[in-house]
Structure formats: C-alpha cells, structure tokens
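Written below as structure tokens is the structure these notes are about.
Readers should treat all values here as calculations from the given coordinates under stated rules, not as data from a laboratory. Note that the structure is a prediction, hence the values are computed from the model and not measured. Neighbour counts run over all protein chains shown; Cβ positions are idealised from the backbone, glycine included.
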Amino acid sequence: MNKKTEMWILIGILIFAFFLRVYSLGSSVFWIDESTSAMASKQIIEKGVPIFDSGLLYNRAYVFHYVSAFFMIFGANEFSARFASVIFGLLTIVLAYFIGKEYSKTGGLISALFFAVFYLEVFYSRQARFYQLFQLLFFLSLYLLYKSKENPKWIYLSLIAFFLTIDTQIEGWVLAPFFLLHILIYNKQKWISIFPLAIIIKKFMPVLGLSTKSTEVVASYASEYFSKASNMLYILILFIPGVIWSFIRNKRLTTLIILPSLITLIGIFSLQTFALRYSYFFVFPLLLYSSLLISFLYEKFGKIMLVALVVLLLIPSNLFFPYTYTNVVVPIDYNFNDISAPETNYRNIPIDLILDLKHGDAKLICLFSSNVEWYLRKPDFVIPFSMNGLGEDQISRNNSQNQIVDRYSGALILDYNSLPAKPYYVLEDYFSAVKLKPEQKANFDMLIDGCELKYEDETLKVLGCD
C-alpha cells in the first residue's frame, strides 16, 4: 500500500470517527462532573479565569477548560462544552496510528480503526470532561520521549506534553521517574533531567497520601474495576500476546508504554474511591496491543486475517449487541451507563415547574449545585455532603467575606438552626442524597417535613415547601 492510499484510508477512518462522536452530541444531559467543568469553562468566558463565584480557583486541567471555553463562545450548551473532547478523541486516533506504525506497516491503520469505534473511546470523546485529553497527553508524552532518542529536538515537545499531562490529571506524576531515567540513559541533554527530578521531589509524597496502603483494599478495588471489563474479555485475551510480540519487535517503546501504565493502574486500585473514569487511560495500551496483534497476524498470514478483522469489528458491535457491545458502528445519542458517573436529569422536569424554579419567588435549596446552576439557576442555599462518601462535607469553604459557602456555586451553606422562610423548593438529587450521613439525613428530613412532592424520577426529587 502506498503512502497516498494509506493517508486516504486514515482520513476516512477519522471522518467516520468524527461522525460517531458528534452525532447527537448535545442530546444527553451532563453527568455531575461534566456540569462542573462546563461551569468552569463558563467562568473563563466571563472572567478570563476558572474562578467560581465562591472564590475557588478550579486549578486543574487548564488546557481542557480553556479549549472548551473557546468552543462555548459559540454557544453555552452541551454540544459546545463537549466538542473539545471530540477533537482530543480524534487526535488520540492519530496518535495510535503513529505508534502502531512504529511496530508494523499495517499497525497504524488497524490501530486507528479499532480506536475509532471502540465504545469507551467513543463515549469519553463525547464528554465535557478531561479524561480523553489525559489519555492523549499521557501516551503522547511517552511517544515523543521515545522519538527523542533519534531526534533530540523531540525532548522539548515531550516535556511540554508531560507538564500538560500533570496539569490535566494527578496520575500524570507517575511519568516523572520514566522521563528521568530515559533522559539519563538515552538523551544527550542530561541537564533536562532536573525537570522530572523536581517533580519527583515535590510530588512523590502527596501522591502516596492519596492511597489506602492496604493490600486487601487494592485487591477489592482491582476486582471491581475488572468486573466492568467483562464485555471486553476478548480484548484482554488479545492484549497479552500482542504485548509480548510487540516487545520482541520494539523493546524500548513497549516498555515505555506498558510500565508507566501498569504502575498508574495499580495506583488507581489503591485510591480510596472507585470511579471507572480513573482507569480509562489504560484502554489505550489494551486497544493498541490488541490491534497490533491483528496487524502482525495479517502480515504473517495474509488477507485471510481480514475476515478476523471484520469479525472483531462488527460482531461485538452495537449492530448486533445493542446493550453489551464493545464497538460502536451505529451512532449513539446517550451517555455511557456508568454508576460512578451519575446523571441528574433536570431536562425532564415539566416546563411549568422549570419556569417556577428559574423565575419564581421561592428560594432554591439543593445538594450538588453545578448542574442546578447550569440547567436552572444559582441556588440560594446548598446542603453540605461528601462527594465521594468519605467524611461529611467536601463542598463547604469560607469566601472572602468569611461566609461559609458552596465551593462551586458560591451559594450560602444551609444552616439547619436558621432555616429560610417558606416558600422554598428542595432539589434532592440521588447522587448526593445517598451520601448523607445519618445525622445529616435526619436534618434533611426535618427540612422537607410537610413538603409536597412536585416531581420525581430515578435521579431527582423536586419538593415544594409552602
């Protein structure tokens, strides 16, 4: 296959991947963290920096939120807030293509094809959240580091990608030792090693502080993560021989990709909370080396392997398995069903009730505030709770006026000893309500005592208190 034909095939893959990612992109509601990111980007448009009205600087994933803010200039809606991840998802496919080319002639296109349709790649490329960007930057920094041995100029771009990875997600700190060792062993510019060394010295202890340091807890969380991969068992099976074969062909690149990935994944298992999105980055090596195995077999056995390629793409797809698929070949219009990334559907509230919530005289009291502020308006009071179930209150902070306010909206934290006068509405979202500790639940029940249920679905209750 000549280079021109290969480029046209890659462009075709990217066009199809783009279609899968933008189709009905704004049709589903935000899950909780998406609304926080969308509000952070909205603050950038209004203030130039992601500072919430509480005075809190949302100092993570700056690149993602500024890029998202750029697209939101053209419309503050779900589509524009998510579009940045679409772009990062397409760039991830391109990255998989270039890494695959390092192993075999057909490895680039076959890898790009699997990345284009794999369900987690599609879903995370449709979120107003930075996990797709993190996956891209994590492996881009390693790929550029690998290329820097041949071309010393790449080391500067790899360091930029490394620091952007750290900015995007704390897990990126794991890369620092690998940068340090690679620079000392393979790169001529030894002085550059001071940068990853500084990261190691400054950040190593804080990273340790995030973990539980319990073998039993690590094993428990690992089991929970792997249980979510039951529908992609064949990917895990293909991954192992794919890694071995790839290591034989390119030891340094395979080591650079696999070792940091495994160490990061083990670190995630030791965190004190479960969230599938934290482990999403590991889909990259899983998919890459599974795809490369197919490319190696194709080059060894010829066109007969095209049958296996088509089978692996179509049979486990949503064309045949609409609920347990691993590949998306028919466009979707909904969010990934992930219990660790719950939605609260404010769109389904009847229009007359929405108008009253937005413009009526009754005060608005809620728990998690970001999606309330996005879909309705800024609440008047917020009820404290723990976002991940650890402790009792992870949302309160003192503002510049020494008031205790919600960290996201800036609304006052509700004082149960001095309840506001009725009428008021209470928004009880399921995600937050289940995190209330017994004493908090007792106080909450006192707040809604005698209130009328105005609306209810599986994610939300709206109670009117007159």
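Each peptide in 106-116, 63-73 receives the mean, over its residues, of other Cβ atoms within 10 Å, and ordering these scores from highest gives 106-116, 63-73. Check which residues have an amide H placed less than 5 Å from LEU460's amide H, if you skip close sequence neighbours. Sorted by chain and number, the residues that satisfy this are TYR430.
Stretching the chain fully between ASN59 and VAL311 yields a gain of 86.2 nm (0.36 nm per residue, less the alpha carbon separation). Which one, SER317, ALA17, THR255, projects farthest toward the positive side of the charge dipole computed for the chain from Cβ point charges (K/R +1, D/E -1)? In the chain, that residue is THR255. Summing Cβ point charges (Lys, Arg +1; Asp, Glu -1) relative to the Cα centre of the range 63-132 gives a dipole of roughly 60 debye. Take each peptide in 126-134, 90-98, count the other Cβ atoms within 10 Å of every residue, and average; sorted highest first, the result is 126-134, 90-98.
Put +1 on the Cβ of each Lys and Arg and -1 on the Cβ of each Asp and Glu in the chain; which of ALA442, PHE282, LEU113 then has its Cα farthest toward the positive end of the dipole? Working it through, the farthest residue towards the positive pole turns out to be LEU113.
Here each label is just a point 7 Å from Cα along the line to Cβ, and for ILE9 and ILE200 those points are 4.2 nm apart.
Distant-in-sequence amide contacts of ASP53, defined by a placed amide H-H separation under 5 Å and a gap of 5 or more residues or a different chain, comprise nothing. With a cut-off of 18 Å on the backbone N, no residue of the range 378-392 is near the modelled label site 7 Å out from LEU355 along Cα-Cβ. Straightening the chain between ASP466 and SER400 buys 20.4 nm, computed as 0.36 nm per residue apart minus the Cα-Cα spacing. Here the Karplus curve 6.51 cos²θ - 1.76 cosθ + 1.60, taken at θ = phi - 60°, turns the phi angles of the range 307-322 into couplings of 5, 5, 4, 5, 4, 5, 7, 9, 4, x, 8, 6, 5, 10, 10, x Hz, with x standing for Gly and Pro. When only Cα pairs below 8 angstrom with a gap of at least 6 residues are kept, the range 346-465 shows a relative contact order of 24 percent.
To the nearest 10 degrees, how steep is helix 176-186 against the longest Cα principal axis of the chain, on a 0 to 90 scale? On a 0 to 90 degree scale, this one is about 20. Each Cα pair under 8 Å and six or more residues apart adds its sequence gap; the mean of these over the residue count of the chain is a relative contact order of 16 percent. Computed from Cα atoms, the angle from the helix 78-101 axis to the main principal axis of the chain rounds to 20 degrees. A cysteine counts as unpartnered when no other cysteine's C-beta lies under 4.7 Å of its own; in the chain this applies to CYS366. Modelled spin-label separation between GLN189 and ILE304, with each label point placed 7 Å from Cα along the Cα-to-Cβ direction: 5.0 nm.
Assuming charge only on the beta carbon of Lys and Arg (+1) and of Asp and Glu (-1), the dipole of the range 3-314 about its Cα centre is about 960 debye to the nearest 20. Could you run the Karplus curve 6.51 cos²θ - 1.76 cosθ + 1.60 with θ = phi - 60° over the range 415-431 and give me ³J(HN,Hα) per residue in whole Hz, x for Gly and Pro? Values, residue by residue: 9, 5, 7, 9, 5, x, 5, 6, x, 8, 9, 10, 9, 9, 7, 4, 3 Hz.
At full extension, SER418 and LYS378 could sit 12.4 nm farther apart than now, given 0.36 nm per residue minus the alpha carbon distance. Since only THR36, ALA198, LEU57 are under comparison, the one whose Cα sits farthest along the positive direction of the charge dipole of the chain, derived from C-beta charges on Lys, Arg, Asp and Glu, is ALA198. Each Lys and Arg Cβ is given +1 and each Asp and Glu Cβ -1; about its Cα centre, the range 406-464 then shows a dipole of about 180 debye. Rounded if a/c is under 1.5, else prolate if a/b beats b/c, else oblate: with a ≥ b ≥ c from the C-alpha gyration tensor eigenvalues square-rooted, which is the range 288-447? Prolate. Only helical runs count toward this figure. For the chain, summing -39,500 (n - 2.57) over DSSP H runs of n ≥ 4 and dividing by all residues gives -17500 deg cm²/dmol at 222 nm. Sorting 145-155, 164-174 by average packing, meaning the other beta carbons within 10 Å per residue, from highest down gives 164-174, 145-155.
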